[in-house]
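Reading through the structure tokens given below for one structure.
The values are calculated or read from the model by the stated rules, or taken from the named source; none is laboratory data. These numbers were taken from a predicted model, which means no experiment stands behind them. Virtual Cβ from ideal backbone geometry, glycine too; neighbours counted across all protein chains shown. SASA here: full protein model, heavy atoms, side chains in, ligands and nucleic acids out. Shrake-Rupley method; radii C 1.70, N 1.55, O 1.52, S 1.80 Å.
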Amino acid sequence: MGAQTKRWIQKTWIVPFSLITLLFITVVFEEINSSPDASASIQISGSAAFSPPPDINEINERVRIVKNLAYSDSKNSFLDIYHPKDAAAPMPVILWIHGGGYIGGSKDSRQDYAMALADSGYVVANIDYALAPESLYPGPVLQANQALAYMQLHAAEYGGDMERVFIGGDSAGAQIASQVAALVSNVKLAETMAIQPAIANSQLQGALLLSGLYNLDTVRATAFPNIGQFLTAYTGAEPFESFPKIDELSTVQHISPDFPPVFITAGDADPFVSQSAELVELLHSNEVQVSSVFFKGTQKNLKHEYQYDLSTEDARSTLEKTRQFLFVHSK
């Protein structure tokens with residue numbers, strides 16, 4: 001076989017192999033994160049197990065669940081609403097955005113955590129969104145904004161007060177949540193993206209950011225498993241750094257004094273902990289209120305998304321600090 005023929009065969013296998021790799025990653029994330037059994041303690045590679053709070057049965061009795069409401073005509077635009085059954089007054093609203101590397105995950109796998117937040121006196125809208133690589137950036141950002149628009153119209157039906165809104169998420173969902181918060185609070189970013197925010201900045205009371213990525217210039221250096229594949233799937237660019245709009249995804253570039261107060265956390269063994277530290281530095285320099293939970297020097301070995309393993313004291317303690325943040329900024 002000639003050298004030219006060999007080169008041709010090698011080239012024809014490069015693209016299929018990369019697609020097979022991405023397909024494998026997608027299937028793994030879908031099987032793990034899309035399970036309706038959110039209480040299953042499945043070990044995600046490099047991440048903590050997901051376990052419900054010990055009092056999940058009592059929470060289920062106190063919190064009403066409304067499933068699969070269509071919030072727009074976009075693909076996979078469904079949300080669940082969780083709210084206390086016996087609330088006596090209007091409650092703040094939390095929009096929750098799941099993670100999964102932009103290619104997987106689902107609202108169902110975050111249900112127990114979101115219900116624990118709702119049980120503290122909140123209306124939680126837990127959303128799904130279209131996944132990469134079939135749906136590319138800025139799809140999830142647009143859908144999150146559409147979900148906010150839906151809640152503007154319907155939150156009151158469930159006891160929600162849209163003058164007190166929080167946006168939160170985990171991992172890739174935290175990046176999306178932080179970008180939506182920047183979109184609402186930074187007019188220049190909204191104009192650049194040609195998006196009209198569904199809520200006013202005065203309505204946005206805070207952001208809850210768990211184990212996220214916030215600087216696309218430095219994220220590859222974190223060595224987070226498969227980060228290149230995930231962001232290539234999301235942006236459609238290889239390498240993802242060549243994506244013309246990559247700076248839009250870097251929340252660190254869009255922080256202003258108008259950014260809402262932030263609750264932010266990452267485990268000491270999470271490759272993204274440096275991303276959280278970068279964001280905190282920018283928030284402080286812009287005099288944005290920050291409540292952070294980090295574990296530097298503790299040697300606890302808390303992995304990516306440790307917050308969802310609510311069988312552990314550290315996750316429960318962070319959940320309680322999250323509730324305290326929400327209480328302070330809901331007034």
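Here are the numbers for this structure:
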{"quantity": "Scope region 231-265; condition more than 18 Å from L210 (Cα to Cα) and aromatic (F, W, Y); matching residues", "calculated": "Y234, F240, F243"}
{"quantity": "Enumeration of residues in region 270-289 that are outside any helix (DSSP H, G or I) and buried (at least 17 other Cβ atoms within 10 Å of the Cβ)", "calculated": "D270, P271, F272, V288"}
{"quantity": "Matching residues in region 294-314 - criterion: being over 23 Å from Q205 (Cα atoms), over 17 Å from the mean Cα position of the chain (by Cα) and not acidic (D, E)", "calculated": "F295, K296, G297, T298, Q299, K300, N301, L302, L310, S311, T312"}
{"quantity": "Count of residues meeting criterion [in a strand (DSSP E or B) and either over 22 Å from W96 (Cβ atoms) or open to solvent by 10 Å² or more (accessible area, probe 1.4 Å) (or both)] in region 205-243", "calculated": "1"}
{"quantity": "Complete set of residues in region 76-91 that are of a type outside the set (A, V, I, L, M, F, W, C), surrounded by fewer than 24 Cβ atoms within 10 Å (Cβ to Cβ) and within 17 Å of A147 (Cβ to Cβ)", "calculated": "N76, S77, D80"}
{"quantity": "Pair list, Cβ < 8 Å and 6+ apart or interchain, from region 84-103 residues that are closer than 23 Å to E163 by Cβ and part of a loop (DSSP other than H, G, I, E, B) to residues that are of a type in the set (V, I, T) and open to solvent by less than 10 Å² (accessible area, probe 1.4 Å)", "calculated": "K85/V63"}
{"quantity": "A200 vs. criteria open to solvent by 30 Å² or more (accessible area, probe 1.4 Å) and modelled with pLDDT of 95 or more", "calculated": "yes"}
{"quantity": "Some residue of region 142-155 being outside any strand (DSSP E or B), of a type outside the set (S, T, N, Q) and closer than 23 Å to F240 by Cβ", "calculated": "yes"}
{"quantity": "Hits in region 61-75 (condition: in a loop (DSSP other than H, G, I, E, B) and either acidic (D, E) or open to solvent by less than 10 Å² (accessible area, probe 1.4 Å) (or both))", "calculated": "D73"}
{"quantity": "Subset tally (residues that are surrounded by 23 or more Cβ atoms within 10 Å (Cβ to Cβ) and outside any loop (DSSP other than H, G, I, E, B)) for region 156-172", "calculated": "8"}
{"quantity": "Test result for D247, among the acidic types (D, E), in contact (Cβ under 8 Å) with a residue 24 or more places away in the chain, under 16 Å from R220 (Cβ atoms) and open to solvent by 50 Å² or more (accessible area, probe 1.4 Å)", "calculated": "yes"}
{"quantity": "Test for V288: is it closer than 21 Å to S171 by Cβ and among the aliphatic types (A, V, I, L, M)", "calculated": "no"}
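Residue-by-condition table, conditions (1) in contact with a strand residue (DSSP E or B) (Cβ under 9 Å, 6 or more places away or on another chain); (2) without any contact (Cβ under 8 Å) to a residue 24 or more places away in the chain:
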position: A269; (1), (2): yes, no
position: S274; (1), (2): no, no
position: E281; (1), (2): no, yes
position: H304; (1), (2): yes, no
position: S311; (1), (2): yes, no
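Here's the yes/no breakdown for (1) among the charged types (D, E, K, R); (2) within 18 Å of the chain's Cα centre (by Cα):
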residue: V184; (1), (2): no, yes
residue: A200; (1), (2): no, no
residue: P225; (1), (2): no, yes
residue: F243; (1), (2): no, no
residue: D258; (1), (2): yes, no
residue: T265; (1), (2): no, yes
residue: E278; (1), (2): yes, yes
residue: S285; (1), (2): no, no
